[in-house]
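Heads up: the structure comes next, in structure tokens.
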Amino acid sequence: EKGLYAHYMLKEIDEQPAVIRKVISKYRDDQGGIRIDPELRERVMMADRIYVIGCGTSYHAGLIGKQLIENIANIPVESHIASEFLYNRPILSANPLFIFISQSGETADSRGVLVAIKQMGYPAVTITNVPGSTLSREADYTLLTHAGPEIAVASTKAYTAQIAVLALLAFSSVSENGRAQWHGVDPFHELSIAANAMEILINKKEMMEEVVWKYLTSSRNCFFIGRGVDYYVALEGALKLKEISYIQAEGFAGGELKHGTIALIEEGTPAIALITQPHIRANVRSNVQEIMARGAHVCMITMEGSEESDDQIVLPAVHELLTPLVSVIPVQLISYYAAKYRGCDIDKPRNLAKSVTVE
Ligand code: M6R
């Protein structure tokens, strides 16, 4: 029930810190280790390449998963859109493992890939919110996201729960060689810091509402820019905004601006820049300068410790690999308030269904 909330989406946004804490409690064993089937762990570590498959927001979580697994477990990962993979299959490695990400566990495009790769005899794990769902039953292993029912069509808490589970899977698959690098990093501790940071932002909703007032009341379009994981969150921000507010939105990699998109920037064009990654911070700031010089109104979302005086939203600091859990909160809320301002049907946007069971 949505209780006092005007919309399920807002309720589900607010639930995210609690969902991360639930994931922690479900996956932490008594010794503080990660509770993941040792056989699955073995499969992950034996794979020469991991293919992560999903659609929409779950595909975007898969992109973050690539970053997490490659950086933490040092295993090559490809993230694919299910419907593209099915009809335009890449050359597979000798010993692949497939990870399916699906809130509902019923998405037809993802299931199409699962059926195809099972016929080829490859192992599959499904990360889903729904125990007993089709993708869960048909895969060899299931990792539950424990986010509770997600009612709003726009996915929010499922996305952050998927990322938390992907991080734990990555940490549970660190090889002996990799241990030294991660020695001393407690993923549960880092996740709980992220949950607290999410909560701080959720308690400052007026900041995101202000961004909408300042940048998005009359615009028909909006750009999200970032590099690395910030680019992946930019894609998610753009999807969220277009899905519920019908503002045309595009997420793009900062470096790509000069290769075409900058032609669209004119006086007053709104843009949201995500700047959380230390090694590419300066590059994104210079991209922001380029579009501002052409009239863009840019809202900067940055990280504590590296903020500058005119940054609108400063995220509480969290582990570098977990920033998407935190940076996605303002973009979810900005989308929500933009849709609310426009009087859109937030929980049931036009032309969309919660679960897409046809190809
Ligand atoms: O249930 P799934 O996670 O497989 O659904 C995938 C997409 O249909 C879903 O994420 C969709 O993109 C959302 N409406 C986005 O908010």
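Only bridges whose two residues both fall in the chain count here: according to DSSP, what percent of them are antiparallel, nearest 5?
5
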Defining a contact as two alpha carbons under 8 Å apart and six or more residues distant in sequence, what relative contact order in percent does the chain show?
20
What FRET efficiency comes out for the pair A116/V358, r = Cβ-Cβ distance, R0 = 25 Å, nearest 0.05?
0.90
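With only alpha-carbon atoms in the gyration tensor, what are the semi-axes of the equivalent ellipsoid for the chain, in Å, largest first?
Sorted largest first and rounded, they come to 31, 22, 21 Å.
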With Cα atoms, 0 to 90° folded angle of helix 16-27 axis to the chain main axis
10
Candidates A249, A170, A282: whichever shows maximal mean-square fluctuation once the chain is modelled as a Gaussian network with Cα springs under 10 Å:
A282
Order these by the 10 Å Cβ neighbour count, fewest first: D311, D186.
D186, D311
Less than 30 Å apart at the alpha-carbon level, and either on another chain or at least 8 residues along: which lysines does that give for K204?
K2, K11, K22, K26, K157, K214, K240, K242, K340, K348, K354
Taking the Cα centroid of segment 46-118 and of segment 200-253, what is the distance between the two, rounded to the nearest whole Å?
26
Which of E308, E12, E78 has the fewest other C-beta atoms within 10 Å, and how do the rest follow up to the most?
E308, E78, E12
Separation in nanometres of the label points that stand 7 Å from Cα toward Cβ, at S25 and V185:
2.7
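What ranking do E304, E176 get, fewest neighbouring Cβ atoms within 10 angstrom at the top?
Ranked by crowding around the Cβ, least crowded first: E176, E304.
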State, as an integer percentage, the relative contact order of segment 187-312 based on alpha-carbon contacts under 8 Å between residues 6 or more apart.
23
In deg cm²/dmol and to the nearest 500, what is the mean residue ellipticity at 222 nm of the chain if only DSSP H runs of at least 4 residues count, each as -39500 (n - 2.57), divided by the residue total?
-14000 deg cm²/dmol
One quarter of the C-alpha convex hull surface, i.e. the mean projected area of segment 112-236 in nm², amounts to 11.6
Restricting to Cα atoms and excluding each atom paired with itself, what does the Kirkwood estimate give for segment 75-185 in Å?
15.1
Could you give the C-alpha radius of gyration of segment 141-185 expressed as a fraction of 2.2 N^0.38 Å, taking N as the number of residues it contains?
1.52
Hydrodynamic calc, segment 176-273: Kirkwood Rh from Cα pairs, then Stokes-Einstein at 4 °C with viscosity 1.567 mPa s, so D in µm² s⁻¹ is 82
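Please find the FRET efficiency linking D140 to N221, where r is the Cβ-Cβ separation and R0 is fixed at 51 Å, and quote it to the nearest 0.05.
0.70
With the cut-off at 26 Å, report for segment 1-139 the share of all Cα pairs above it, as a whole percent.
Result for the distance tail: 28 percent.
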Can you give the alpha-carbon Rg of segment 38-87 over 2.2 N^0.38 Å, where N counts its residues?
1.16
For E84 and H259 in the same chain, what is the full-extension length gain: residue separation times 0.36 nm, less their Cα-Cα distance, in nm?
60.6 nm
Stretched out fully, how many nm does the piece from N71 to N283 gain, at 0.36 nm a residue minus the Cα gap?
74.2 nm
If you count the DSSP beta bridges with both ends in segment 259-355, what percent of them are antiparallel, to the nearest 5?
0
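Any read-out appearing in this document is the output of simple, stated calculations on the displayed coordinates, not a laboratory observation. Here the structure is a predicted model, which means the values were calculated and not measured. Cβ: placed from backbone, ideal geometry, glycine included. Neighbour counts: every protein chain shown.
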